[in-house]
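Peer 1: Here it is, the structure, as structure tokens.
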Amino acid sequence: MKYTSTGNKDTRSGFGAGLHELGRKNPNVVALCADLVGSLKMDDFIKENPDRFFQVGIAEANMIGLAAGLTIGGKIPFAGTFAAFATGRVYDQIRQSVAYSNKNVKICASHAGLTLGEDGATHQMLEDIGLMKMLPNMTVIVPCDYNQTKAATLAIAEHVGPVYLRFGRPAVPNFTPADQKFEIGKAQLLNEGIQVSIFATGHLVWKALEAADVLEQKGISAEVINIHTIKPLDEKAILHSVAKTGCAVSAEEHMMHGGLGDSIAQLLARKHPAPMEMVAVNDVFGESGTPNDLMVKYGLDTPNIVEAALKVLARK
């Protein structure tokens, strides 16, 4: 593996660091939160910019409405809460007041997926990517580590239009460059290969790199691409890779229906039919448990990506 982790850090802290930096750089950036300031690491921004922060309490629908209104005055609102509340609880407000109106709101969702852990199925949002990518005008971003989450937070402030930024609670390997420039809609080639393409997003990117190492030991050359932007999808990068390898695997901490794999499968069906396997949660809710145990139980781990690669190779 040519990428080396500099240690484990949570991606929500990457968001907090990016928001703090934006507070110093861009006076139009404002922040809103639904009673989860500590969980979303917004404290540093608030300390330096108390007049640019709005605590709405446990009133997420109101938060989205306020954020949409703030854009009319030229502000760039970053509205933060848990993914379960940032999407499912307020979908109507997002659809009507943000996406339909094409407002410059940044919806920042922490604690997504199974790795929320012990809080259980009610809070383990596994449908949010599907909900958000279906909305016209919405950009959907799922960075893979602390550094990339910070870079993505900075980048979306420059992007004009609605954005859904998804990140998580657990500490995960931090392996992308600290000085990276995040390009919305541009996939990131991490490992070149010629036999199978592995497209991963979020916490599964590091697992995909580990899987590529295991496959290399078996004499299999795997290409690993980080799809940090689910929408707009980098169709050119995906099609170029699959044209070379002839098969694909997707890996994500999300429901199989409506996620990254769904988007790639639609693309391949339209433009380059090829065998494909998906590593994702398959139509079930999660449960309470440690993040690592849940990822293993629900098949979102390195061995599962290796197994999917071997399976799809057999179908070529």
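Peer 1: Would you check if there is a residue in the range 246-255 being more than 21 Å from the chain's Cα centre (by Cα), assigned by TED's automatic domain parsing to the domain that holds residue 207 and modelled with pLDDT of 95 or more?
Peer 2: Scanning the range 246-255 turns up at least one residue that is more than 21 Å from the chain's Cα centre (by Cα), assigned by TED's automatic domain parsing to the domain that holds residue 207 and modelled with pLDDT of 95 or more.
Peer 1: Okay, next question. Are there any pairs with C-beta distances below 6 angstrom linking a residue in the range 232-261 that is under 18 Å from residue 306 (Cα atoms) to a residue that is modelled with pLDDT under 95 and of a type outside the set (S, T, N, Q), with the two at least 6 apart or on different chains, and if so which?
Peer 2: Note: pairs meeting the criteria are 246/316; 247/316.
Peer 1: For the range 203-240, which residues satisfy the criterion of being part of a loop (DSSP other than H, G, I, E, B) and either crowded, with 18+ Cβ neighbours inside 10 Å or at negative phi (or both)?
Peer 2: Correct list: 203, 218, 220, 221, 227, 228, 232, 233, 234.
Peer 1: Okay, next question. Whether any residue in the range 245-262 is in a helix (DSSP H, G or I), hydroxyl-bearing (Ser, Thr, Tyr) and under 16 Å from residue 205 (Cβ atoms) is what I want to check.
Peer 2: no
Peer 1: In the set 98, 30, 56, 90, which member is crowded, with 17+ Cβ neighbours inside 10 Å, in contact with a Leu (Cβ under 7 Å, 6 or more places away or on another chain), more than 30 Å from residue 174 (Cβ to Cβ) and of a type in the set (Val, Ile, Thr)?
Peer 2: 56
Peer 1: What's the total number of residues in the range 123-160 that are of a type in the set (D, E, K, R) and surrounded by 24 or more Cβ atoms within 10 Å (Cβ to Cβ)?
Peer 2: Here the count works out to 3.
Peer 1: Among the residues of the range 176-221 satisfying the criterion of being among the β-branched types (Val, Ile, Thr) and within 17 Å of the chain's Cα centre (by Cα), which is farthest from residue 308 (Cα to Cα)?
Peer 2: Going through the qualifying residues, I end up with 184.
Peer 1: Taking the options 294, 300, name whichever one is surrounded by 21 or more Cβ atoms within 10 Å (Cβ to Cβ), assigned to a loop (DSSP other than H, G, I, E, B), in contact (Cβ under 8 Å) with a residue 24 or more places away in the chain and not small (Gly, Ala, Ser).
Peer 2: None of the others qualify; the one that does is 300.
Peer 1: Name the residues in the range 66-85 that are buried (at least 18 other Cβ atoms within 10 Å of the Cβ) and either hydroxyl-bearing (Ser, Thr, Tyr) or over 17 Å from residue 156 (Cα atoms) (or both), would you?
Peer 2: Passing the criteria: 66, 71, 81, 82, 83, 84, 85.
Peer 1: Right, here's the next one. Test residue 165 against the stated conditions and say whether it is in contact with a Cys (Cβ under 6 Å, 6 or more places away or on another chain) and either farther than 26 Å from residue 310 by Cα or among the aromatic types (Phe, Trp, Tyr) (or both).
Peer 2: Criteria met by residue 165.
Peer 1: Has the range 39-55 got any residue that is among the hydrophobic types (A, V, I, L, M, F, W, C), within 22 Å of the chain's Cα centre (by Cα), in the same structural domain as residue 152 (by TED's automatic domain parsing) and not in a helix (DSSP H, G or I)?
Peer 2: Yes, some residue in the range 39-55 is among the hydrophobic types (A, V, I, L, M, F, W, C), within 22 Å of the chain's Cα centre (by Cα), in the same structural domain as residue 152 (by TED's automatic domain parsing) and not in a helix (DSSP H, G or I).
The values are calculated or read from the model by the stated rules, or taken from the named source; none is laboratory data. These numbers come from a predicted model, not from an experiment. As a convention, Cβ positions derive from the backbone with ideal geometry for all residues, glycine included, and neighbour counts pool all protein chains shown.
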